[in-house]
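So the structure is just underneath, and the comments pick up after that.
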Amino acid sequence: MSVARRAFIQMSVGATVGILFTPTVWKALDDVSIWTQNWPWIPTLKYGEVKGVPTVSKMCESGCAVKVRTVAGEAFGTEGNMENPLSGGGVCPLCANGVQVMNSPSRIKAPMLNGEEITWEKAQEVVAEKLEAAGSKVAVISGDQTGTVNEVFSALLADKGSDAFYTMPCDMQAADKAWTGLMGGSGQVGYDLENSDVVLLAGADALESWGPTVANLKAFAANESGKFYFAGPMQTKTASVTDKWVPVPAEGMAAFTLGIAYYVLQAGKTAPVADFGQFKAMVMNDYSPAKVEAATGVKADMMAAIAKDLLAASNPVVVPGGSVAAHGAAFALNLLLGGGMKALPEFGKAVGTAMSRSEMLKADILEGVSTDLLFVYEANPAYALPEQVKAGFTVAFDSVNTETTAAANLVLPTPHCYERFEDLASPYGVVSATYSLGAPVSKATLNVKNAADFILGLADLGFETYEEVLEAKVEAVGADMDELVEGGAFVAEGDAPVAASMAASELGKAAVPVKGSGSVGLAPYTLLNVGTANQATTPNAPCTISNNQLVGDYMVVMMASATAKQLGVEVGTKVKLSGGNGECEALVQIFEGVLPGIVAAPLGMGHTVGDEFSKGKGDNVYKILTVSSEAAAGASTWAGSTVNVAKI
Amino acid sequence: MEERKASKRCGGALPFIIGFLATCVLGWAVIPGMFYEKVEQPIWFSHAVHVDGEGMDCESCHYFRDDGSYAGFPTNEVCAECHAVDPEEAMEAIAEEGIDPTDYEAIMKAELGVIEDNLASSDDDKMQAEREYVVKYLIQGKEVPWLNYQYQPDNVYFSHKAHAELDIAELAEMKKELSDVVDPAVFEGEAPEQNCNLCHVKDISTNDVPPAFERNILSGYSKMTMKMWKCERCHALKGQPNACYTCHK
């Protein structure tokens, strides 16, 4: 071994020992350990001022007044808005996920003509051409029940000589057809859930999916001494917290309500309408408790007990859900009782040639739509009404991909409601006329355009932009724009309801329960976390969907053990439900809170287009609903749908 | 035999000691500095100009919000209260001149009235720094990516509010125990009214040219980032909790 080599080794050992007496090694180890925590794919937080920016959300049917939580101007969450009576600090499960939907990969990124990306100028050209060619054969389907955007669309229809304005089927439409159509009432019906001492929810799943759910929940919580009944074919979440669940099949709701009216009339209650005598005679002859019990299965004693409570109350209210007949019967009962039913004034119009809300609700989409040019605004008829809508050319406005945008000829992306000016006028069910408005919280990052701005570019409706329309609306309402943008609501008290008639002849016929020919009744129900006709479930919601609605990718239907025995099925049996012109697959769950002879199935699943949270999850119950005609009431209904159930 | 003798002559403890001392010197004096690279702030910001020159106080830019959170670096919204260039007007003027709005040099060279007339500085060099801020950030709607000397990672929750009442004069009593945590120079002389010096660059409020940010080449953290043991030391000395969730929420 050479001397130099030995010395080198000795020096190396010395150097190695020496380095251990310095911070170098230990610091390097420490830094490396930190380095391993800083992978580029780990998301980093954004820092800055945290704000709650008030606006309105249109993801649920009634719309929510919300505050969008932002950090350094970037939206990251949604919470309720304490200052707005529609919210009182609460938010519904759909709107709670507004930001997640706004950032969803399922957003539509640019205008698309037959699957090809085009410019907005080209889109304008194409639609103008189609509009010219269609003449008056133009129709609109709107998924927005409360926005002034409907005024813009209906004014376009008026400009073209069409009145084909459709909303998706909703309780607001059934209520309007009954109240202004059959009974000659005026205004929008509202219900005082907070101050009524007895509340009969006759089919209205008010604490889960009916009407302004968040405001209903707040009113329910505030009404500590009120007695609440829920009548319906299954024990919903609403029924689980009310004082009493009264099992009533959906098709029997009108008869059940008239059965209660029988006792109320017997107690001497009257209403100042021209056909009161005819109404009384109709109820006393055709809807005696014994007859109603025979037709619906609801015990006469139960109806008597409810009637007794309603008669003893100082401010009772009956809140209907379902068919036009069920609404008419409930309104008639409210007119007899007096109390918590209100007639809300409609706010002034911004666009002079637009339809009133009541006019917008007249056309019945369940009877079918056939037109040359169809505008669909943030609605999903291809999912919920696959057989009812036929059009030569469809223009779909939406912010996310849906079955309707997938089938449309031209898809025009709208900003998410947090990216645009949006308003919310008196959602159906609120006790007072309420107007709220929101300004954009986030800048639009995609190539989107407000649908109303696009329509205003097609015809001269007196406005250049939708912002101008909303300014005119706020003025017509009599509200202050600044206060609205800061999250407050303009509120106008409702009046006592006044009707011209109790629709005796129509109700007498329409209230007779009519069922389909399937082996069991179908009770479709809506849970907001599962989705609605227009809005699929949202990114954070699936983890809240229980095994009673979805197991794996299978929808779950619930039935009483007696029904299961009748059908020869048990828990977990895979079944096929056939009804209308469609079929659904599901697993069976036993729940004694469903009327015997009825299968309860959740609406809102089974999407074929959408994000990973909704696509392919469960099955679409809208396919198996049966549309039946309420000929006497001049309407159509899904109530009374039946299905055949077969094991797979 | 020959080799062994030679070895005895040249070997023994000497090479070991040479190696030992060499790496000791390198390890203490040279290598630690090689862990960091110096990075300049994106633009020249002079605290002296704003504080001494304009009479601003710390709270003009660094303030507690109503909810108790700390504003930290000022946003464009705050800066624009004085640097009153209208971004919309500026962009219109840039478009009129046919300049690419992202070509900062061209915009600055064009000396557009809408920008130049609203610059607050008088000295050329300071005016150039202000011009850079306006052109590169303010009118572009981009926040300045200031380099935070006291950067803490996202998993550390630090509340300025909770530390706002710490008193330097009071802490001076335990400056020996805190000598590894706080620069002892902080405790020299008359204690300032505010306690920023405890963690931040000393007397930054009177600084004219901000010091370079020293970024660790391995971890990416600032050289001044307070390590967890330092937080814990001070918490322990002050009788504050040291549970994980105190800082890792």
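Since every read-out is calculated from the coordinates, none of them should be taken as a lab result. Small disclaimer: the values here were computed from a predicted structure and weren't measured. So basically every Cβ, Gly included, is an ideal-geometry build from the backbone, and we count neighbours across all protein chains shown.
Taking a ≥ b ≥ c as the square roots of the Cα gyration tensor eigenvalues, with a/c under 1.5 meaning rounded and otherwise prolate when a/b beats b/c, else oblate, which class fits the stretch A:442-484? It comes out oblate by the Cα gyration axes.
Tell me the angle of helix A:300-312 to the major Cα principal axis of chain A, expressed in degrees between 0 and 90 and rounded to the nearest ten. In chain A, helix A:300-312 runs at an angle near 80 degrees to the longest axis. Rounded to 0.05, the FRET efficiency of the A:ASN285 and A:VAL241 pair, given R0 = 35 Å and the Cβ-Cβ distance, is 0.40.
Take the cross-link list A:LYS27/B:LYS227; A:LYS130/A:LYS473; A:LYS27/B:LYS175 and give me the ones stretching past 19 Å between alpha-carbons. Mind dumping the intermediate values first?
On the way: A:LYS27/B:LYS227 12 Å; A:LYS130/A:LYS473 29 Å; A:LYS27/B:LYS175 25 Å.
Where the Cα-Cα span goes over 19 Å, the pairs concerned are A:LYS130/A:LYS473; A:LYS27/B:LYS175.
Exposure proxy shown here: for B:MET56, B:MET226, the number of other Cβ atoms within 10 Å sets the order, fewest to most, as B:MET56, B:MET226. Of the residues B:MET34, B:MET127, A:MET303, the one with the fewest other Cβ atoms within 10 Å heads the list, and the complete ranking is B:MET34, B:MET127, A:MET303. Measuring how big the stretch B:104-249 is from its alpha-carbon positions, Rg and Dmax come out at 20.0, 60 Å.
Treating r as the C-beta distance of A:GLN266 and B:GLU165 and R0 as 60 Å, the FRET efficiency rounds to 0.20.
Let me know the charge dipole size of chain B about its Cα centre in debye, to the nearest 20, where only the beta-carbon of Lys, Arg (+1) and Asp, Glu (-1) is charged.
On the way: 22 positive and 45 negative charges, 571 e Å.
In debye, rounded to 20, chain B gives about 2740.
Helical runs (DSSP H, four residues minimum) scored at -39500 (n - 2.57) apiece and divided by the length of chain A put the mean residue ellipticity at 222 nm at -8500 deg cm²/dmol. In summary, the aspartates and glutamates within cross-link reach of A:LYS291, defined as a Cα separation below 17 angstrom excluding same-chain residues under 8 places away, comprise A:GLU251, A:ASP301.
Beyond 24 Å in Cα-Cα separation lie the following of the pairs A:LYS244/A:LYS280; A:LYS308/A:LYS362; A:LYS342/A:LYS623; A:LYS443/A:LYS617; A:LYS515/A:LYS615; B:LYS38/B:LYS136: A:LYS244/A:LYS280; A:LYS308/A:LYS362; A:LYS342/A:LYS623; A:LYS443/A:LYS617; A:LYS515/A:LYS615. Based on DSSP H segments of at least four residues, each scored -39500 (n - 2.57), chain B has a per-residue ellipticity at 222 nm of -8000 deg cm²/dmol.
I need the semi-axes of the equivalent ellipsoid of the stretch A:207-313: take the C-alpha gyration tensor, multiply each eigenvalue by 5, square-root it, list largest first in whole angstrom.
Values: eigenvalues 138, 57, 33 Å².
That gives 26, 17, 13 Å for the three semi-axes.
Given axes a ≥ b ≥ c from the Cα gyration tensor, I'd like to know whether chain B is rounded (a/c under 1.5), prolate (a/b larger than b/c) or oblate. Taking the square roots of the gyration eigenvalues as a ≥ b ≥ c, chain B is oblate. Could you work out how far helix A:120-134 tilts from the main Cα principal axis of chain A, as a 0 to 90 degree angle to the nearest 10? Helix A:120-134 and the main axis of chain A meet at about 20 degrees. As a proxy for reagent exposure, B:ASP67, A:ASP619 were ordered by neighbouring Cβ count within 10 angstrom, fewest first; the result is B:ASP67, A:ASP619. Calculated FRET efficiency, B:ASP67 to A:ASN195, Cβ-Cβ distance, R0 = 35 Å: about 0.50 to the nearest 0.05.
Tell me, what are the semi-axes, in whole angstrom and largest first, of the equivalent ellipsoid of the protein assembly as shown as set by the roots of 5 times the Cα gyration tensor eigenvalues?
Ellipsoid half-lengths, sorted descending, are 67, 34, 28 Å.
Calculate the mean, over all residues of peptide A:41-47, of how many other protein chain Cβ atoms lie within 10 angstrom of the residue's Cβ. Across A:41-47, the average partner-chain Cβ count within 10 Å equals 2. Set the Cα radius of gyration of the stretch B:40-147 against 2.2 N^0.38 Å, with N its number of residues, and you get 1.12. Taken along its principal axes, the alpha carbon cloud of the stretch A:489-537 reaches lengths of 43, 39, 13 Å, longest axis first.
Classify the stretch A:517-625: rounded, prolate or oblate, from the alpha-carbon gyration tensor (a ≥ b ≥ c, eigenvalue square roots; a/c under 1.5 rounded; otherwise prolate if a/b is larger than b/c)? Judged from the Cα gyration tensor, the stretch A:517-625 comes out prolate (a/c at least 1.5, a/b above b/c).
Give, as a single signed number, the net charge of other residues whose beta carbon lies under 14 Å from the beta carbon of A:LYS362, with Lys and Arg counted +1 and Asp and Glu -1. Write out the running numbers ahead of the final one.
On the way: positive: A:LYS177, A:ARG357; negative: A:ASP163, A:ASP176, A:GLU359, A:ASP364, A:GLU367.
Surrounding charge for A:LYS362 is -3.
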